[in-house]
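Taking it in order: structure first as structure tokens, then the write-up.
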Amino acid sequence: MPDSASVLLAIDLQNDFMPGGALAVAGGDEVVPLVNRLAQAFGHVVLTQDWHPAGHVSFAANHPGCQPFETIALPYGEQTLWPVHCVQGSRGAALHEGLHAAAARARAIVRKGQNPALDSYSAFLEADRKTPTGLAGYLRELGVRRMFCCGLATDYCVAWSALDARAAGFEAALIEDASRAINLNGSLDAAWRQLRAAGVARISAQEALG
Ligand code: VGL
Ligand code: ZN
């Protein structure tokens with residue numbers, strides 16, 4: 001059983017990342033029941049929501065002549081352009097309505113990607129790799145030392161959050177069967193390589209429930 005030093009971090013389980021959504025992740029809705037089961041076993045549960053203003057720099061629609069899934073150079077580095085998704089307050093940005101237990105048990109919801117000029121895949125650091133969200137300090141103050149990450153998408157927001165958890169000095173695991181990937185140009189294999197190198201454990205929900 002997870003102890004009081006462990007947190008379940010459930011990333012971006014929002015309508016726009018579900019089948020039929022603006023940036024659908026294949027099988028995204030399949031993880032919802034499992035995330036609910038996990039949430040019931042953890043003392044600390046934190047959720048994230050991707051929460052962009054309509055003019056966000058990561059939207060292809062805001063770059064004339066550009067298409068979704070192209071990459072462009074921005075002042076803070078390379079940025080993949082996405083379809084318009086998770087606009088603040090929209091139905092697409094709302095949490096999946098089947099997320100009952102996880103939403104009810106969440107202590108905090110981190111809303112990331114709010115700066116129009118900066119993306120934020122990670123729950124800890126924005127894409128300039130220096131602007132903190134405050135989550136590391138919040139969790140440290142609660143006595144959390146171990147992070148169990150799951151949700152959408154494995155190879156973007158879940159992986160970046162797990163990597164940043166390690167960089168911030170937490171133990172970190174990624175719960176593979178409670179996550180689903182976008183897998184754009186080999187991004188899933190690349191993410192697993194980076195995760196392994198950073199010491200993020202690759203585990204199943206069964207292992208997380210111990
Ligand atoms: C995500 C692409 C753009 C994610 C968010 O949640 O993985 N991916 N914004
Ligand atoms: Zn986004």
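We did not get these values from a lab; they are worked out from the coordinates using the rules stated. Keep in mind that what you see is a predicted model, and the values were worked out from it rather than measured. Glycine also receives a Cβ, built like all others from the backbone with ideal geometry; neighbour counts cover every protein chain displayed.
Which cross-chain or sequence-distant (5 or more) residues have an amide H under 5 Å from the amide H of Arg145, H modelled 1.01 Å from N in plane? HN-HN under 5 Å from Arg145: Ser6. Once both labels are positioned 7 Å from their Cα atoms along Cα-to-Cβ, the gap between Ala167 and Gln194 label points is 0.9 nm.
Each Lys or Arg adds one and each Asp or Glu takes one away; over the other residues whose Cβ falls under 13 Å from the Cβ of Cys86, this sums to -1.
When the helices in the chain are scored as -39500 (n - 2.57) per DSSP H run of 4 or longer and the sum is shared across all residues, what 222 nm value do you end up with, to the nearest 500 deg cm²/dmol?
-6500 deg cm²/dmol
Per the Debye formula on identical point scatterers at the alpha carbon atoms of segment 1-69, with no solvent, log10 I(q)/I(0) at q = 0.15, 0.18, 0.19, 0.20 Å⁻¹ is -0.64, -0.80, -0.85, -0.89.
Using only Cα coordinates, the Kirkwood hydrodynamic radius of the chain works out to 16.8 Å.
Amide H of His44 versus every other amide H placed in the peptide plane: which residues, excluding those fewer than 5 positions away on the same chain, fall under 5 Å? Amide H neighbours of His44: Leu8. Once both labels are positioned 7 Å from their Cα atoms along Cα-to-Cβ, the gap between Arg91 and His63 label points is 2.9 nm.
Contour minus end-to-end for Arg111 and Glu70, with contour as 0.36 nm per residue of separation and end-to-end as the Cα-Cα distance?
Numbers: separation 41, 0.36 × 41 = 14.76 nm, distance 2.48 nm.
Working it through step by step, the gained length comes to 12.3 nm.
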